[in-house]
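Here the structure is laid out as structure tokens; the discussion comes afterwards.
The values are calculated or read from the model by the stated rules, or taken from the named source; none is laboratory data. Owing to the predicted nature of the structure, the values given are computational and were not obtained by experimental measurement. All Cβ positions, glycine included, derive from the backbone under ideal geometry; neighbour counts span all protein chains shown. The area values use the complete protein model at the heavy-atom level, side chains included, leaving out ligands, DNA and RNA. Shrake-Rupley method; radii C 1.70, N 1.55, O 1.52, S 1.80 Å.
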Amino acid sequence: QVQLVESGGGLVQPGGSLRLSCAASGSIFSHNTMGWYRQAPGKQRELVARITSGGSTNYLDSVKGRFTISRDNAKNTVYLQMNSLKPEDTAVYYCWALVLGLQSWGQGTQVTVSS
């Protein structure tokens, strides 16, 4: 069992920045993939970015060049730096982990981009 605790959401103006953090605890093994999903009202949950324990990354096309995912393996923590935020980035962001074929989810953190 993996526990994920997110922090860093909030309200920001268009063009602003936010940094999300997710700390993992429990049965975290050396080989895993962590990432961030988001879900806006009335829409399906979508993968925003993910990163393997080796550092390989994937991004949703609409966030490429604006968002950066990174991780600190020593701290079992993954980060999402979000720059040039747009109103369409407004959603609940969920931390996600894939360990030995099992998925775990955080509780979600609200990100609202509005003037």
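Just a few scattered comments:
- Apportionment of accessible area to carbon and sulfur, the chain, percent (1.4 Å): 48 percent
- Ser27 accessible area, 1.4 Å probe, all protein chains in place, Å² to nearest 10: 50 Å²
- Theoretical FRET efficiency, 1/(1+(r/R0)^6), r = Cβ-Cβ of Ser17 and Ser56, R0 22 Å, to 0.05: 0.35
- Solvent exposure of the stretch 30-104, expressed per residue, is 52 Å² of accessible area, with all protein chains present and a 1.4 angstrom probe.
- Listed by chain and number, the aspartates and glutamates placed with their C-alpha closer than 19 angstrom to that of Lys43 are Asp61, Glu88, Asp89; residues fewer than eight positions away on the same chain are left out.
- Per residue, the average separation of C-alpha pairs within less than 8 Å and at least 6 apart gives the stretch 1-45 a relative contact order of 36 percent.
- Cα-derived Rg over Rh, computed across the stretch 50-115 with Rh taken as Kirkwood radius: 0.98
- For the set Glu6, Glu88, solvent exposure ranked by accessible area (probe 1.4 Å, protein chains only) runs largest to smallest as Glu88, Glu6.
- For the stretch 1-77, Kirkwood radius (reciprocal of mean inverse C-alpha pair distance, Å): 13.8 Å
- The trypsin sites (Lys or Arg not before Pro) found in the stretch 6-98 that occupy coil by DSSP, while having at most 12 further C-beta atoms within 10 Å, are Lys43, Lys64, Lys75.
- Surface listing: Asp61, Asp89 arranged by accessible area from highest to lowest gives Asp61, Asp89, probe 1.4 Å.
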